[in-house]
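The values are calculated or read from the model by the stated rules, or taken from the named source; none is laboratory data. Because the structure is a prediction, the values reported are computed rather than measured. Heads up, the Cβs are rebuilt from the backbone with ideal geometry, glycines too, and the neighbour counts pull from every protein chain shown. Remember, those area values only see protein heavy atoms, side chains included, never the ligands or the DNA or RNA. Shrake-Rupley method; radii C 1.70, N 1.55, O 1.52, S 1.80 Å.
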Number of protein chains: 2
Amino acid sequence: MADDVFKALADPTRRRILDELTDRTGQTLFEICGRLVTKHGLGLSRQAVSQHLAVLEAAGLVSTRREGRYKFHDLNTAPLEHIVTRWLGPKTPQTPQTPQTPESTP
Amino acid sequence: MADDVFKALADPTRRRILDELTDRTGQTLFEICGRLVTKHGLGLSRQAVSQHLAVLEAAGLVSTRREGRYKFHDLNTAPLEHIVTRWLGPKTPQTPQTPQTPESTP
DNA sequence: TTGATAGGCAAGTCATTGCTTGCCTATTGT
DNA sequence: ACAATAGGCAAGCAATGACTTGCCTATCAA
């Protein structure tokens, strides 16, 4: 579940793709390829980007819709919302580092 | 920078370790090992956990302090705060999926 | 109908990574 | 002093992952 989201976010190229979809949602595979090449210096094959998009879609971060021969990719930020709150305390933003002793000191 | 944070969060065992440090900060290596074995069924060697802690420390998610022969591990949630906001719009939590046409249609 | 465009599938390569094993150092208790 | 405890270092292994190459299908324009 959230496992796929973390794995999807692990790769820097996939994060770039999310950046591009944040800038402009509903892009096709070739558009994303072009942007990764021109805006960032990434030299990637089309299949590489396609596989990255598959990972992002499996994580629920990208949803796709087909129209004719085009396949548009839309960003879905929903899986990102409650991921990190797992470790951020509900009220305490900074745990004040209370020094503690080991659990069992035999 | 944030690159290391995402890579650190990619592994499920490392996320378990963060869970354990959230439950009780300032644990030693052996304590974390014990908890991973008993609470979750993970059969891990001491070195495996040690290497995971090294990755977490390199990402800034865990800070360590030495006292005698003990080394205490403290959770640091600071790097987690501004990571995901990169894709979450500043005001719009849900982008309403406006359908768009390809950039260049020759 | 033919060719160009947009995309998919599958096998293969190469680097990374998670984990183990073995040995070594430092601190503490008796 | 000696043994037990807490941890570190480094080489090795097996599995995953990112990327490429090659070929194949579907849609649209001429």
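Some points to look at:
- With every protein chain in place, the range A:2-80: carbon and sulfur % of accessible area (1.4 Å): 50 percent
- The Cα center of the range A:1-33 and the Cα center of the range A:56-89 differ in position by 8 Å.
- Probe 1.4 Å, protein heavy atoms only - accessible area per residue of the range A:2-80 in square angstrom: 46 Å²
- Listed values for the range A:17-30 are Karplus-derived 3J(HN,Hα) couplings in whole Hz (6.51 cos²θ - 1.76 cosθ + 1.60, θ = phi - 60°), namely 4, 4, 4, 5, 6, 5, 5, 8, 7, x, 8, 8, 4, 5, and x replaces Gly and Pro.
- For A:ASP19 and B:SER50, the FRET efficiency from 1/(1 + (r/R0)^6), where r spans their Cβ atoms and R0 equals 30 Å, is about 0.30.
- Taking the label point 7 Å along Cα→Cβ, B:PRO90 and its counterparts in the other copies are spaced 3.2 nm apart, in ascending order.
- Computed E for A:ALA58/B:PHE30 - FRET, C-beta separation, R0 35 angstrom, nearest 0.05: 0.40
- Protein accessible surface hidden between B and A, which excludes ligands and nucleic acids, total in Å², probe 1.4 Å: 3700 Å²
- Shielded by partner chains, the range A:8-38 residues - at least 30 Å² of accessible area, 1.4 Å probe, vs chain alone: A:LEU9, A:ALA10, A:ARG15, A:ASP19, A:THR22, A:ARG24, A:THR25, A:GLU31
- Among the trypsin sites (Lys or Arg not before Pro) within the range A:1-78, those in coil by DSSP and having at most 15 neighbouring Cβ atoms inside 10 Å are A:ARG24, A:LYS39, A:ARG69.
- Counting, for every residue in B:40-50, the Cβ atoms of other protein chains within 10 Å of its Cβ and taking the mean gives 0.
- Nearest-to-axis residue of chain B, judged by beta-carbon position, where the axis maps B onto A, in Å: B:ALA10, 2
- Alpha-carbon spread of the range B:2-77, three principal axes, descending order, Å: 30, 30, 22
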